[in-house]
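The values are calculated or read from the model by the stated rules, or taken from the named source; none is laboratory data. Small disclaimer: the values here were computed from a predicted structure and weren't measured. Quick reminder, even Gly has a Cβ in these numbers, built from the backbone with ideal geometry, and neighbours come from all protein chains shown.
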Amino acid sequence: MDREKLNKVKSEVTGIEPLSLSYEKKIESSIGEDTVRKISREKGEPEWMLKKRLYSLKVFNSRPMPNWSFDLSSIINFNELIPYAKPFSEKLEESSKIPQEVMKVLEKLNIPEAERRYLSGSGTMIDSEVLYRRIKDELRKKGVIFTDMDTAVREYPELVKKYFMTFIVSPHDNKFAALHGALWSGGSFVYVPKGVKVDLPLQVFFLINYPKLGQFEHTIIIADEGSEVEYIEGCSAPVYSAYNLHSAVVEVHVKKNAFVKYTTIQTWTKNVLNLNTKRAVVEEGGTLRWVSGNIGSGLTMYYPSAVLRGKGARAEFLSVTFAGNGQKKETGSKVFHLAPETRSRIVSKSIVKAGGYAAYRGLVHIAKGAKDSISSVKCDALLLDDSSNSATYPYIESYESNSEVTHEATVSRIEEEKLFYLMSRGLSETEAKAMITRGFMEPIMVNLPLEYALELNRLIELELEGEGAVG
Amino acid sequence: MNKNSLKDEIEQLKEIKHEESKHLHPPSWKQFDESISLFKYNERWKYLDTEKIFLESKRIRKVEFKEVVRQSQYKDYDGAILLENNLAKVYICDSSGCSLSSTISPDEIFPNKIIKALQSESSKDQMEANSLASSSWGSLISSKSNKKSRFFYSGITTIPISLFNVIHVDKNSFLDVNMKHYSKDVFHEFTYIQLEKNSSLTLNVFLSSSNYSSIINFKIKMEESSLLNLNLVQSSSSTCSSNIEVQMTGKHSEFNFKSLFQSRANGIVDNNLSIYHLEEDTKSNIESYGITKSGTIIIKDWSNIVFNSSSTFIKGKVILLGEESKAYVIPNLKTKGNKISASHGISLGRITQNELFYLMSRGLSEDEANILVSTGFIEHALDSMSSEMLKNKEIKSYLISSLKG
């Protein structure tokens, strides 16, 4: 790619300036019961949700900080965190009503065009609230629900009560899940009825604009029996000197014979700490495909997991992680095989450059009785220079003799011979390196929608150029 | 939405069993780590001033073996130690025969204060404490510079015992040590190994333990251009733990580790291996095999590799034969820089259906087919170790017979 094009792409992706929004409501008090009550009141929530929030707060206060991997307690000061900021007063369903300034950002990221061309529904969340959400009328008629969580709490309380931080992710899971439970705001609620196939993906874009804000969006995806849906997440933020915390919880329930593809392309700037809890429960014959691209964020701890609890359930995790200068990332997948004939495949690729750190930490658990289960894990790291770090921590537990687990990992560099071959054919060193890197990521790229694969390729090329695509 | 179906779903939800919800909310990684390791890396090593032990052991080297008797059965070796409970016979062979020395007390090798430090440390593990309080014994095996030597160690113990060993490989020398131990009671071994410049050590270890727990600890230091081939075979019907720490402090040093772990009956075999590549151009190759019918196998490999031109390769295969068998495999890698190469590959599971089908179509029962394939697996693992002692019929048939039992 020539220099001119690169600069254009760079301005498209990284040219996000802080938006000068007039915040209607901000809650800047420290995390406590008052704050939680204020948020709940602001949203006009029913009593049961407030109870859930207060319970989560109790759990949050009692849980210690995670004590493995990165030392989070020295980075995060919960007292400085701003729990809630609402930039707009109303929720929009017409893209024409989106304020000009926000529209500019969305246009830069090509979102309105994407919505017209290849999305079934689209949403935008800025800071703590969802600004815009729209779904095609034909899907609405079929009974597909695609709305924000606040609306779901009001309109579908039974479903939300059943799924919201109950059996998929509980507040007891970890300290950040508990914090999320207390302060959550915004996010998506997707319900696909029995047998309905949503051909085109649903997409939500997240933006953090307010400095020091914690974004706690909650997403629930329920794919009823025999249904199919694809959900895409993208995210961005302007560069600030103070950090932002992004602590989302995503709960996916894949029912009998359903199919869910969950794609997340994370391009947060380096001042964002990305500490998410994402989990799916897959029932009999269901299939989950989880594709993640972790490009941005200064510190990421991200372990999407799947509980295969129905016979013949399948899960596939594909992820690309890029760690450049000043980026520390721990990603990996956890799969629990609880039923017979379950299958899982984990492919994790990481590219590390300029002193970055990328680790794979994953778990495969085969419970007793999960007969004929098969799991394969492959994690590869490509180290581009001498100052980069990588680690793999795979955990494999098998309680069932009638099952198979394979694991392989490699740590490699770009080989001189390959580079020499390409350069002898007239490519510059950077082009040759980019080409080899693209080849390294290919197994993941083929699983992304074309537009996203292109964007991810460009982002990685930018990073390889040393331009720093993500702040 | 149909309200009835929703109600049904809520009912279903209430029925989620406690067992299942435990899996849904797994413990944190740290708790995980802790729950898996049966025996944490032995704290006692902190008290062991290894440099001092080494110096002390050098000092007593001249007084160690005095009396000489002829023993033709160990003529292939330069020395042999036979241990039966608390009685040890030490043979040192020269061109004319072997020499026998009286039992060496560990006090001779380890200064008193170290022993006391070891004994006084309060241990949570009662078995370990018992082991230290009971009979202790020690040995020093060393090679002379520019020479090639072979040693044989054989032990059968039915009482609690702890061993303190030092293996010292002098500059430019080759040492071949074969250790075979059958333990029917608590067995606890500390071995400190030092390889000096340009030296080579082949250490073959076979340990079988039943009834009570056994723990072996190796702490290994490798200097420039040294080579260590460590072959370890562990078979246990109780709990058997091995902790191996390798520090590669010299350039061009190479560590090859091959192991076979078999857990008999309800035994637990727990292996913890940590390798520190502390210099450039160091190599390590790890190959682990595990097989169990109704026991548990734990393999934790940890390789830290940060220096240029170093490489580490970890490979493992675990076969689970029976309904009750379990395995945990955790091969960790920590790397830095792009001038190293590292990889690991693990497979864990049953004997493949194709193999079973082939054998059963030839008239074997499923059990027979399982045993035949497992026999092949064990033989392949032992043969790859290229050690006479481990290839020996005695050990092969011991491992295979326990599959049938």
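Regarding A:VAL352, is this residue farther than 28 Å from A:PRO201 by Cα, touching a residue at least 12 places away in the same chain (Cβ under 8 Å) and among the β-branched types (Val, Ile, Thr)? It is true that A:VAL352 is farther than 28 Å from A:PRO201 by Cα, touching a residue at least 12 places away in the same chain (Cβ under 8 Å) and among the β-branched types (Val, Ile, Thr). Residues in region A:322-381 that are on the phi > 0 side of the Ramachandran plot and of a type in the set (Asp, Glu) were compared, and the one that is farthest from the chain's Cα centre (by Cα) is A:ASP372.
For region B:158-176, filtered to residues that are farther than 18 Å from B:SER242 by Cα and part of a strand (DSSP E or B), the residue that is nearest to the chain's Cα centre (by Cα) is B:ASP176.
Scanning region A:173-189 for residues that are away from chain B (no Cβ under 14 Å) and of a type in the set (Phe, Trp, Tyr) turns up just one, A:TRP184. Note on region A:152-166: residues that are buried (at least 18 other Cβ atoms within 10 Å of the Cβ), out of contact with any Pro (no Cβ under 8 Å at 6 or more places or on another chain) and in a loop (DSSP other than H, G, I, E, B) total 2. Remark: pairs (first residue in region A:257-272, over 18 Å from A:MET301 (Cα atoms) and of a type in the set (A, V, I, L, M, F, W, C); second residue modelled with pLDDT of 90 or more and in a loop (DSSP other than H, G, I, E, B); Cβ separation under 7 Å; 6+ apart in sequence or on different chains) = A:ALA258/A:ASP224; A:ALA258/A:GLU225; A:ALA258/A:GLY226; A:ALA258/A:SER227; A:ALA258/A:GLY286. Close Cβ contacts (under 9 Å, 6 or more residues apart or on different chains) running from residues in region B:242-258 that are on the phi > 0 side of the Ramachandran plot to residues that are assigned to a loop (DSSP other than H, G, I, E, B) comprise B:HIS252/B:GLU224; B:HIS252/B:SER225; B:HIS252/B:SER226; B:HIS252/B:GLU279; B:HIS252/B:GLU280; B:HIS252/B:ASP281; B:HIS252/B:THR282. I'm trying to understand the selection: among the residues of region A:256-274, which are at pLDDT below 90 and of a type outside the set (Ser, Thr, Tyr)? A:ILE265, A:GLN266, A:TRP268, A:LYS270, A:ASN271, A:VAL272, A:LEU273, A:ASN274, listed by residue number.
Based on this model, can you work out whether A:VAL347 counts as surrounded by fewer than 21 Cβ atoms within 10 Å (Cβ to Cβ) and in contact (Cβ under 8 Å) with a residue 60 or more places away in the chain? Show your work before the answer.
Values: surrounded by fewer than 21 Cβ atoms within 10 Å (Cβ to Cβ): yes; in contact (Cβ under 8 Å) with a residue 60 or more places away in the chain: yes.
Yes: the conditions hold for A:VAL347.
Do we have A:TYR243 as over 24 Å from A:VAL153 (Cβ atoms) and more than 15 Å from the chain's Cα centre (by Cα) here? Yes, satisfied.
Criterion applied to A:THR264, A:THR166, A:THR219 was being of a type in the set (S, T, N, Q) and over 26 Å from A:LEU119 (Cα atoms), and the one residue passing it is A:THR166.
Residue under question is A:LYS261, and the condition is that it be surrounded by fewer than 23 Cβ atoms within 10 Å (Cβ to Cβ) and assigned to a loop (DSSP other than H, G, I, E, B); does it hold?
no
Which pairs do you get when a residue that is under 17 Å from B:GLN262 (Cβ atoms), found in region B:225-236, comes within reach of a residue that is surrounded by fewer than 24 Cβ atoms within 10 Å (Cβ to Cβ) and of a type in the set (Lys, Arg), reach meaning Cβ atoms under 6 angstrom, with the pair 6+ apart or on two chains? Partner pairs satisfying both residue conditions: B:ASN231/B:LYS258.
In a residue-by-residue description of region B:353-372, the property of being surrounded by fewer than 17 Cβ atoms within 10 Å (Cβ to Cβ), within 14 Å of another protein chain (Cβ to nearest Cβ) and assigned to a loop (DSSP other than H, G, I, E, B) applies to no position.
For (1) within 14 Å of chain B (Cβ to nearest Cβ); (2) in contact with a Phe, Trp or Tyr (Cβ under 7 Å, 6 or more places away or on another chain); (3) at pLDDT below 85; (4) within 30 Å of A:SER62 (Cα to Cα), each residue gets a yes or a no:
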site	(1), (2), (3), (4)
A:GLU80	no, no, yes, yes
A:GLU90	no, no, yes, no
A:VAL105	no, no, yes, no
A:GLY121	no, yes, yes, no
A:ALA152	yes, yes, no, yes
A:ILE168	yes, no, no, yes
A:PRO171	yes, yes, no, yes
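Set side by side, the residues A:SER297, A:SER292 differ, and just one is in contact with a strand residue (DSSP E or B) (Cβ under 8 Å, 6 or more places away or on another chain), away from chain B (no Cβ under 14 Å) and outside any strand (DSSP E or B), which is A:SER297.
Residues that are under 29 Å from A:ASP385 (Cβ atoms) and within 9 Å of another protein chain (Cβ to nearest Cβ) number at least 1 in the following strands (runs of 3 or more DSSP E) confined to region B:264-350: B:296-305, B:311-320, B:326-336, B:341-349. Among the residues of region B:154-193, how many are touching a Gly at 6+ places or on another chain (Cβ under 6 Å) and either at pLDDT below 80 or aliphatic (A, V, I, L, M) (or both)? So the answer is 1.
So which residues in region A:284-301 are crowded, with 24+ Cβ neighbours inside 10 Å, closer than 20 Å to A:ILE221 by Cβ and over 11 Å from the mean Cα position of the chain (by Cα), if there are any at all? Result: A:GLY286, A:LEU288. Note on region A:302-333: residues that are surrounded by fewer than 24 Cβ atoms within 10 Å (Cβ to Cβ), within 13 Å of another protein chain (Cβ to nearest Cβ) and touching a residue at least 40 places away in the same chain (Cβ under 8 Å) total 3. The residues of region B:179-199 that are in a strand (DSSP E or B) and under 25 Å from B:GLY250 (Cβ atoms), listed by number, are B:MET179, B:PHE190, B:THR191, B:TYR192, B:ILE193, B:GLN194, B:LEU195.
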